[in-house]
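The block underneath contains the structure these notes are about, expressed in structure tokens.
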Amino acid sequence: MDLNLRNAIISNVSGNSQQELEATIKDAIESKEEKMLPGLGVLFEIIWEHSNREDQEEMLSTLEQGLSS
């Protein structure tokens, strides 16, 4: 069976409200389970692709600050 993980993750959260998406993200982060990382990666990919350059630069700055703490 050929499973496309990216499509499965997107299908799983498509149609979710902002509150549901936030709960999904918080749960994935708080659980600290390795199996949640691909899902967070797909969600970040969607955020990145739908952000303008200014927002991307802000995310990069936030990431850089978080990594240097």
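Observations
- Pair list, Cβ < 6 Å and 6+ apart or interchain, from the range 11-24 residues that are without any contact (Cβ under 8 Å) to a residue 40 or more places away in the chain to residues that are assigned to a loop (DSSP other than H, G, I, E, B): none
- Here GLU45 fits the description: in a helix (DSSP H, G or I) and either under 10 Å from the mean Cα position of the chain (by Cα) or surrounded by 11 or more Cβ atoms within 10 Å (Cβ to Cβ) (or both).
- In the range 1-27, residue surrounded by the most Cβ atoms within 10 Å (Cβ to Cβ) [restricted to those that are within 21 Å of GLU49 (Cα to Cα) and aliphatic (A, V, I, L, M)]: ILE9
- Scanning the range 1-31 for residues that are of a type in the set (D, E, K, R) and at pLDDT 95 or above returns GLU20, GLU22, LYS26, ASP27, GLU30.
- Qualifying position, being under 15 Å from the mean Cα position of the chain (by Cα) and not in a helix (DSSP H, G or I), among ASN12, ASN16: ASN16
- Qualifying residue in the range 37-53 (condition: of a type in the set (Asp, Glu) and touching a Lys or Arg at 6+ places or on another chain (Cβ under 9 Å)): yes
- Here SER69 meets the list (1) more than 12 Å from the chain's Cα centre (by Cα); (2) surrounded by 10 or more Cβ atoms within 10 Å (Cβ to Cβ); (3) not β-branched (Val, Ile, Thr) almost entirely, failing just condition (2).
The values are calculated or read from the model by the stated rules, or taken from the named source; none is laboratory data. The shown structure was predicted, so the numbers you read here are calculated from the model rather than taken from an experiment. Ideal geometry is used to build each Cβ from the backbone, glycine not excepted, and the neighbour counts take in all protein chains shown.
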